[in-house]
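Here the structure is laid out as structure tokens; the discussion comes afterwards.
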Amino acid sequence: MEVINGLHKIDGIKYVNSYLLISKGGLVAVDTGMPGNAERIISYAEKLGYKSNDIKIIILTHSDIDHSGSAKRLRELTGAKIAISDFDAPRVEGKIELKKVKGPAAPFLRLMFRLSKFDTFEPDILLKDGDEIEGLKVIHTPGHTDGSISLYNREKSFMFVGDLLWGDNARGVKPPSSVVTPDMEVAWTSIGKILEFKCDIMLPGHGNPIMPDATKKVKELLEKHSHNT
């Protein structure tokens, strides 16, 4: 699905959103879904008239398996480089636990991670707050994971936000899930941080794109949260 010219939400990826951005340096895949989706991402690119090796960069908004699960395989098939926050890199490398979640959902999530057979990998590019990659400004937005990032394109007024926010069926905005967000207080601080970057479209990891007037919608969400706390 084309969101705007040169920016696509890839069809056929279940449970999570994976995006394809057409940049000057080639195609950029943002998040890859669970293991088993690499071929779907390539197929979508081919339907647009590109070849697999036109995918040059894979950017992961964070380390969770539903976002990073197909990154290693996609790199093998395309030769693309994988970029992730330096804070989340140890998780995909297998040096620390992939996701530490508390509460009633924790046993289910741990089982899901084991059954999904996540293949660890070493990223090619480590991203820090303020970096620029393929026309995207890296914004460190922790809370969901230590190394969650958002990616801002000022020219076209859009931002990838990973699981910092969710989209609803009316193209509005929902808060992050407290079930899978270990530090909600930090997450709300990160939501406030992205309001510094005005944009019309926010692209979440789950749900529909938040558009138009994304910044305005997020500001209203944050004000409502502040009023209730």
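Summary table below
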| quantity | calculated |
| --- | --- |
| Scope region 183-214; condition over 18 Å from the mean Cα position of the chain (by Cα) and closer than 14 Å to Gly172 by Cβ; matching residues | Pro212, Asp213 |
| Which numbered condition Asp88 misses (of (1) closer than 23 Å to Lys156 by Cβ; (2) at pLDDT 95 or above; (3) among the charged types (D, E, K, R)) | (1) |
| Tally of residues being assigned to a strand (DSSP E or B) and either crowded, with 21+ Cβ neighbours inside 10 Å or of a type in the set (Phe, Trp, Tyr) (or both) across region 9-19 | 1 |
| Qualifying positions in region 34-48 - within 26 Å of Phe87 (Cβ to Cβ) and either free of Cβ contacts under 8 Å to residues at least 24 places away in the same chain or open to solvent by 20 Å² or more (accessible area, probe 1.4 Å) (or both) | Met34, Pro35 |
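Every residue, every condition in (1) among the β-branched types (Val, Ile, Thr); (2) assigned to a helix (DSSP H, G or I); (3) under 20 Å from Asn17 (Cα atoms), yes or no:
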position	(1), (2), (3)
Val180	yes, no, yes
Trp188	no, yes, no
Gly192	no, yes, no
Asn208	no, no, yes
Lys216	no, yes, no
Glu220	no, yes, no
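Table: residues versus (1) within 25 Å of Val180 (Cβ to Cβ); (2) touching a strand residue (DSSP E or B) at 6+ places or on another chain (Cβ under 7 Å); (3) open to solvent by 60 Å² or more (accessible area, probe 1.4 Å).
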site	(1), (2), (3)
Gly6	no, yes, no
Val28	no, yes, no
Thr32	yes, yes, no
Tyr50	no, yes, yes
Ile55	no, yes, no
Arg75	no, yes, no
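Per-residue answers, yes or no, for (1) in contact (Cβ under 8 Å) with a residue 40 or more places away in the chain; (2) on the phi < 0 side of the Ramachandran plot:
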{"residue": "Glu185", "(1), (2)": "yes, yes"}
{"residue": "Ser190", "(1), (2)": "yes, yes"}
{"residue": "Ile194", "(1), (2)": "yes, yes"}
{"residue": "Lys198", "(1), (2)": "yes, yes"}
{"residue": "Leu203", "(1), (2)": "yes, yes"}
{"residue": "Pro209", "(1), (2)": "yes, yes"}
{"residue": "Asp213", "(1), (2)": "no, no"}
{"residue": "Lys216", "(1), (2)": "no, yes"}
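The values are calculated or read from the model by the stated rules, or taken from the named source; none is laboratory data. Everything quoted here is computed from the prediction, not taken from an experiment. FYI the Cβ positions are ideal-geometry reconstructions off the backbone, even for glycines, and counts take in every protein chain you see. The protein model used for the area step is the full one, side chains on, heavy atoms only, and it has no ligands, DNA or RNA in it. Shrake-Rupley method; radii C 1.70, N 1.55, O 1.52, S 1.80 Å.
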